[in-house]
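Step one of this worksheet: look at the structure below.
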Amino acid sequence: MKQKLYILGLVTTIVVFMGILFKLNHWPGAGLLLLSGIFTLVMIFIPLALRNDYKERGNPDNRILYIVTWVTCFVVFVAMLFKIQHWAGAWFTLIISLPFPFVVFLPVYLIVT
């Protein structure tokens, strides 16, 4: 399972970086690469990695920390995608995502640990 997770992470990273490269060079397909890469990162890789870490450590008290970690990653990466793609509402997602790790994640992390 770990090896498959590492391969998925590597492929996701390559797709995101290819999307960034295409976007910087104004090549066609950049939006699709970025969208698919960030979607795979946020919806597949990060939950699998967090679930794998949760199963290894086996502490049920930390479940809320894993959920908040995923929500924080989701909010930050979606805001990043909105800004890179110049979609409507990018300013709003950035306003929410910039303080989100400090206001939501950090207090939960400090309480749990």
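The values are calculated or read from the model by the stated rules, or taken from the named source; none is laboratory data. This one's a predicted model, so the numbers in the text were calculated from it and none came from an experiment. Please note: Cβ atoms are built from the backbone with ideal geometry, for glycine as well, and neighbour counts cover all protein chains shown. Protein only, heavy atoms only, side chains kept; ligands, DNA and RNA dropped before computing areas. Shrake-Rupley method; radii C 1.70, N 1.55, O 1.52, S 1.80 Å.
Among the candidates Phe92, Phe105, the residue that is free of Cβ contacts under 8 Å to residues at least 40 places away in the same chain, in contact with a Ser or Thr (Cβ under 9 Å, 6 or more places away or on another chain) and open to solvent by 50 Å² or more (accessible area, probe 1.4 Å) is uniquely Phe105. Within the stretch 21-40, does at least one residue satisfy the condition of being part of a helix (DSSP H, G or I), of a type in the set (Phe, Trp, Tyr), modelled with pLDDT of 95 or more and surrounded by 17 or more Cβ atoms within 10 Å (Cβ to Cβ)? Yes, the conditions are met somewhere in the stretch 21-40.
Scan the stretch 55-97 for residues that are of a type in the set (Gly, Ala, Ser) and part of a loop (DSSP other than H, G, I, E, B) and report the count.
Kept after step one, since they are of a type in the set (Gly, Ala, Ser), are these residues of the stretch 55-97: 58, 79, 88-90, 97.
From the residues that got through so far, the ones that are part of a loop (DSSP other than H, G, I, E, B) too are 58, 88-89.
Adding up the residues that qualify gives 3.
Note on the stretch 1-20: residues that are surrounded by fewer than 12 Cβ atoms within 10 Å (Cβ to Cβ), assigned to a helix (DSSP H, G or I) and not β-branched (Val, Ile, Thr) total 5. Remark: pairs (first residue in the stretch 12-40, over 21 Å from Val76 (Cβ atoms); second residue open to solvent by less than 30 Å² (accessible area, probe 1.4 Å); Cβ separation under 6 Å; 6+ apart in sequence or on different chains) = Phe22/Ala30. Considering (1) more than 17 Å from Pro101 (Cα to Cα); (2) modelled with pLDDT of 95 or more, the lone condition that Asp53 does not fulfil carries the number (2).
Each row is one residue, and each column tells you yes or no for (1) surrounded by 17 or more Cβ atoms within 10 Å (Cβ to Cβ); (2) farther than 30 Å from Met18 by Cβ; (3) acidic (Asp, Glu).
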{"residue": "Asn52", "(1), (2), (3)": "no, no, no"}
{"residue": "Asn59", "(1), (2), (3)": "no, yes, no"}
{"residue": "Leu65", "(1), (2), (3)": "yes, yes, no"}
{"residue": "Phe74", "(1), (2), (3)": "yes, no, no"}
{"residue": "Tyr109", "(1), (2), (3)": "no, yes, no"}
{"residue": "Thr113", "(1), (2), (3)": "no, yes, no"}
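Here Tyr66 passes the criteria (1) closer than 25 Å to Leu10 by Cα; (2) at pLDDT 95 or above except the one numbered (2).
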